[in-house]
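*Asks:* This is the structure I want to talk about, given as structure tokens.
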Amino acid sequence: MKRYEEYTSLICSKIQTYQGELAALSDQIADHPELSGQEYQTSRTIVELLRRHGWQVEYPFAGLDTSFRAVRGENRRSRRAALLAEYDALPEIGHACGHCLSGSITILAALALAELQDQLDTDIHIVGTPTEETDGAKCGMVEQGVFDGYDMAIMVHLYNSNLIAPKLQGLASYLYRFHGRAAHASAAPWEGANAFNAAQLMFHAVDMLRQHSRPDAQFHGIIRHGGEAPNIVPEEVTAEFYIRALDKHYLQELVDKVDDCARGAAIATQTTWDKVATAAVYDNLKPNPAGAAALKEVYAELGLPLNGDPDKLFGSSDMGNVSFACPGFHPCLQLVDPEVAIHTREFAAAVKTPRGHQALADGAKIIAFTVAKLFGDEARFQAMKADFQNH
């Protein structure tokens, strides 16, 4: 316990030293939001800051122009922790997900932990993970094996309450394409095969599927292309669907059932169909009780009440995929009052406020304290690793 107190004392001192610089970084990113996959200036700015502080940075990284991985020192210690930084923005409403703050929190935590790498026998790596809002860069990284050698991965997400582990749903997204046969809708409709009718039937079938799915299952669909003109029987129609569930295996069952809806609609309308993925499949967040217990203690130490509903659906994130490659943690930190929703202009406006800058320090402490608690205690570390294997 005394050693942990020494660790946290040093962490707090370093956070105080670097907080102003990282608050300026967060504000700069907020003022110049870049969409998923276009975070060129943002990633360059972060990389330049890290290099000034003595970090060795691989940039670009993992086949992505706006991703990076940073290490400091010899990088030969027996354990490795990945601190993940997100920094992409949303169309029109900027950093309404708080990624400018979230990414800066990760950088601040890494700077605070740098001098503890020897004591913890742990290399601290910063992994820049762009495109969270669209394609999910972490999914591709997982497939490449980027996280296979890590003992833990962690980041903090901003929210309207404090949570140890939000309920992340698995998410699969597909474009369903129906192929019919064009004809004059008045003069000879019998010569056509209506692809729009197929899409309509698919929507009705999915709606009927809802009542026979578990409560956590969700289906969202829109028509992307509905035809060319009212007097032409539509020959090409596309519909995009998001399918969600709390368990990755049940998610695949639902995808198969939605495919059946498309197949049946095509048979009924004498059309054909196919589908293409519009993004990587997001997994649910794998539970890790030992890590969650450490996080709960850290929130208590920082005087942060766990005032969020742990059973409320949070949405989906590619952090879920990481949690199946190594112990992964995605705690949430309150930035706004409970009535303010994430992905709103009000949420985006909060990132540059004094409350936002306080969240920067609190979030960095959440990450750094948790790393110190888990990697500084052999029993806790082994419990975390065992939970990853057993859940």
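The values are calculated or read from the model by the stated rules, or taken from the named source; none is laboratory data. Computed from a prediction, not measured in an experiment: that's the story for all the values here. FYI the Cβ positions are ideal-geometry reconstructions off the backbone, even for glycines, and counts take in every protein chain you see.
*Asks:* Tally the residues that are closer than 29 Å to Arg80 by Cβ and either more than 19 Å from the chain's Cα centre (by Cα) or of a type outside the set (A, V, I, L, M, F, W, C) (or both), restricting the search to segment 311-342.
*Replies:* The number of residues fulfilling the criteria is 11.
*Asks:* Please work out if Lys275 is at pLDDT 95 or above, surrounded by 17 or more Cβ atoms within 10 Å (Cβ to Cβ) and among the basic types (Lys, Arg).
*Replies:* The answer is yes for Lys275.
*Asks:* Is it the case that segment 179-194 has a residue that's modelled with pLDDT of 95 or more and farther than 30 Å from Cys261 by Cα?
*Replies:* Yes, segment 179-194 contains a residue that is modelled with pLDDT of 95 or more and farther than 30 Å from Cys261 by Cα.
*Asks:* Would you tally the residues in segment 204-247 being within 28 Å of the chain's Cα centre (by Cα) and either surrounded by fewer than 14 Cβ atoms within 10 Å (Cβ to Cβ) or not β-branched (Val, Ile, Thr) (or both)?
*Replies:* Qualifying residue count, segment 204-247: 22.
*Asks:* If the requirement is being in the same structural domain as His357 (by TED's automatic domain parsing) and at pLDDT below 95, which of these qualifies: Asp318, Asp311?
*Replies:* Of Asp318, Asp311, the one residue that is in the same structural domain as His357 (by TED's automatic domain parsing) and at pLDDT below 95 is Asp311.
*Asks:* Sort through Ala280, Ala341 and tell me the only one that's in a loop (DSSP other than H, G, I, E, B), within 20 Å of Asp247 (Cα to Cα) and in contact (Cβ under 8 Å) with a residue 60 or more places away in the chain.
*Replies:* Just a single option satisfies the conditions, and that option is Ala280.
*Asks:* Are any of the residues in segment 241-258 under 27 Å from Phe324 (Cβ atoms), among the basic types (Lys, Arg), in contact (Cβ under 8 Å) with a residue 40 or more places away in the chain and in a strand (DSSP E or B)?
*Replies:* yes
*Asks:* Taking interchain pairs and intrachain pairs at least six residues apart, which have beta carbon atoms under 7 angstrom, with the first residue in segment 346-373 and on the phi < 0 side of the Ramachandran plot and the second acidic (Asp, Glu) and not in a loop (DSSP other than H, G, I, E, B)?
*Replies:* If the second residue must be acidic (Asp, Glu) and not in a loop (DSSP other than H, G, I, E, B), the pairs left are Lys352/Asp27; Phe369/Glu301; Lys373/Glu297.
*Asks:* Next question, about the same structure. Quick check on my filter: what residues within segment 182-227 are in a helix (DSSP H, G or I), small (Gly, Ala, Ser) and either touching a Pro at 6+ places or on another chain (Cβ under 7 Å) or not assigned by TED's automatic domain parsing to the domain that holds Asp247 (or both)?
*Replies:* Ala195, the sole residue that qualifies.
*Asks:* What are the residues in segment 32-53 that are farther than 21 Å from Met141 by Cβ and in contact (Cβ under 8 Å) with a residue 40 or more places away in the chain, if any?
*Replies:* Within segment 32-53, Pro33, Leu49, His53 qualify.
*Asks:* Considering only segment 62-160, give the helices (runs of 4 or more DSSP H) lying wholly within it that have at least 2 residues that are touching a strand residue (DSSP E or B) at 6+ places or on another chain (Cβ under 7 Å), closer than 25 Å to Ile15 by Cβ and of a type outside the set (A, V, I, L, M, F, W, C).
*Replies:* 99-113
*Asks:* Among the candidates Tyr87, Tyr150, Tyr159, which residue alone is among the hydroxyl-bearing types (Ser, Thr, Tyr), touching a residue at least 12 places away in the same chain (Cβ under 8 Å) and over 22 Å from Leu295 (Cα atoms)?
*Replies:* None of the other options fit; the residue is Tyr87.
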